[in-house]
Amino acid sequence: MSQHFETNSIRINPSKSNQKEHSSPIYLTSSFTFDSAEEARATFADEIEGNIYSRYANPNSSDLIEKVCAAEGTEDGIATASGMAAMFGSIASLLQQGDHVLAARSLFGSTHQLLTRVFPKWGITSTYGDISDYLNWEKLVQPNTKMLFIETPSNPGLEIIDLEWAGNFAKAHNLILVVDNCFATPYLQQPAKWGAHIVTHSATKYIDGQGRVLGGLILGTQELIKEVQFFTRHTGPAISPFNAWILSKSMETLGVRMDRHCSNALKVAEYFEGNSQLNAVKYPFLKSHPQYDLAVKQMSQGGGIITLDLKGGVERAQSFIDELKMISVTANLGDSRSIITHPASTTHSKLSEEERERVGISNGLIRLSVGLEHYEDIIADVERALDLSRK
Ligand SMILES: *Cc1c(COP(=O)(O)O)cnc(C)c1O
């Protein structure tokens, strides 16, 4: 293994066959054969390594896991069919009835639904803490709190949580620290360095990076992943070999893609900062971001997402979107194509206006996932739509 992200993401290929192929093959097979009854017995008994059945593991998912583990600095992992299967699997496998999760309030919408609507059915409860108020978190820890679950930068508010603080807090209270690292990717930020025990991903976003397939990852210490693996093997959220192959190939270009996502996003953010049609432009690597120092401390670049807070609320945000010519209106992010979302009327419409305010989602807030098109074309599309939507 190299000490460089780029080399590992390209050169780790344990799934090579004996056909001397250069690019990894796709192993579209449900199961794997044994040379003898004894080999089958020993493989099932974990005495020898070997593939058994693609719900357990498959060479393509193993490729992906090994690459992302090298990038995150984690010991082991599991690839799942979607990001949400990874969020669900990491919580469900490590907790039991009566346990409590402490989570940062700014969470992906479906993760919020898991914590507030799904897990309570099985006696797993949760409390939200506000990241602007770290001192208060001590009071939120209960005798049955087992897990600290956070997302940084948050979606869509782009709030940054201090990973060093989270690592120390989890250690002091003996909590399993789970970090959803979807927005930053391991190229920009490695939560395990700061003490995260589990790192989760929606690989659907930047790891795929081209809006093609769903996928998720649960990565972490060997000890915890063993527990998670028992759960996923027997509950079945396995990724398809084809999707794992796509995502493993995508890892080869993650570094160069993220470099461009980040430089494009910074240029777009800088261009619109101070625009009279906007209340604010938010981007982790803009000096005006309230947690700029923290972002610079724990991320190598600012990521590919910016938010624009349009003057004129929901109505203005919607007419702005209708005036866009190039940028796609769709629910994904982290694609090579720039994508715009209006969280208040779509992804976060189930929250009350007050709940949205608490996580930084104003009525005029637009989330822009800055793609890989030339930044001048992205700027031109946004600028034109801002002008045309002005009343
Ligand atoms: C998209 C997303 C998820 C869910 O992932 P899917 O692959 O859509 O299931 C979880 N967390 C974050 C931060 C996301 O952006």
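The values are calculated or read from the model by the stated rules, or taken from the named source; none is laboratory data. Predicted model only: the values in this text are computed from it and were never measured. Note that each Cβ is placed from the backbone with ideal geometry, even for glycine, and that neighbours are counted across all protein chains shown.
Worth pointing out:
- Condition met for residue 213 (more than 12 Å from the ligand (Cβ to nearest atom) and modelled with pLDDT of 95 or more): no
- If the condition is being buried (at least 20 other Cβ atoms within 10 Å of the Cβ) and either of a type in the set (Asp, Glu) or within 11 Å of the ligand (Cβ to nearest atom) (or both), then segment 155-181 contributes 155, 156, 159, 179, 180, 181.
- Between 203, 196, 192, the distinction of being farther than 23 Å from residue 96 by Cβ, within 15 Å of the ligand (Cβ to nearest atom) and among the hydrophobic types (A, V, I, L, M, F, W, C) belongs to 203 only.
- Residue 81 touching a helix residue (DSSP H, G or I) at 6+ places or on another chain (Cβ under 8 Å), more than 30 Å from residue 1 (Cβ to Cβ) and hydrophobic (A, V, I, L, M, F, W, C): no
- Residues located in segment 96-142, provided they are away from the ligand (no atom under 16 Å from the Cβ), in contact with a helix residue (DSSP H, G or I) (Cβ under 8 Å, 6 or more places away or on another chain) and assigned to a loop (DSSP other than H, G, I, E, B): 97, 124, 130
- Among the residues listed as 242, 231, the single one being at pLDDT 95 or above, within 16 Å of the ligand (Cβ to nearest atom) and either more than 19 Å from residue 339 (Cα to Cα) or not assigned by TED's automatic domain parsing to the domain that holds residue 74 (or both): 242
- Residue 151, sole failed condition from (1) within 11 Å of the ligand (Cβ to nearest atom); (2) at pLDDT below 95: (2)
- Of all residues in segment 198-227, those satisfying the criterion of being within 12 Å of residue 89 (Cβ to Cβ) and surrounded by fewer than 24 Cβ atoms within 10 Å (Cβ to Cβ) are 224, 227.
- Any pair with Cβ under 7 angstrom, 6 or more apart, that starts in segment 350-371 at a residue that is within 13 Å of residue 109 (Cα to Cα) and ends at one that is modelled with pLDDT under 85: 356/348; 361/348
- Of the residues making up segment 296-307, not a single one is of a type in the set (A, V, I, L, M), touching a strand residue (DSSP E or B) at 6+ places or on another chain (Cβ under 8 Å) and away from the ligand (no atom under 16 Å from the Cβ).
- Scanning segment 44-59 finds one or more residues that are farther than 22 Å from residue 203 by Cα and of a type in the set (Val, Ile, Thr).
- Any chance residue 184 is away from the ligand (no atom under 16 Å from the Cβ) and among the hydrophobic types (A, V, I, L, M, F, W, C): no
- Remark: pairs (first residue in segment 200-214, small (Gly, Ala, Ser); second residue more than 10 Å from the ligand (Cβ to nearest atom) and assigned to a loop (DSSP other than H, G, I, E, B); Cβ separation under 9 Å; 6+ apart in sequence or on different chains) = 203/239; 209/335; 209/336; 209/372; 211/330; 211/335; 211/336; 211/337.
- Yes/no for residue 153 being over 21 Å from residue 352 (Cβ atoms), free of Cβ contacts under 8 Å to residues at least 24 places away in the same chain and assigned to a loop (DSSP other than H, G, I, E, B): no
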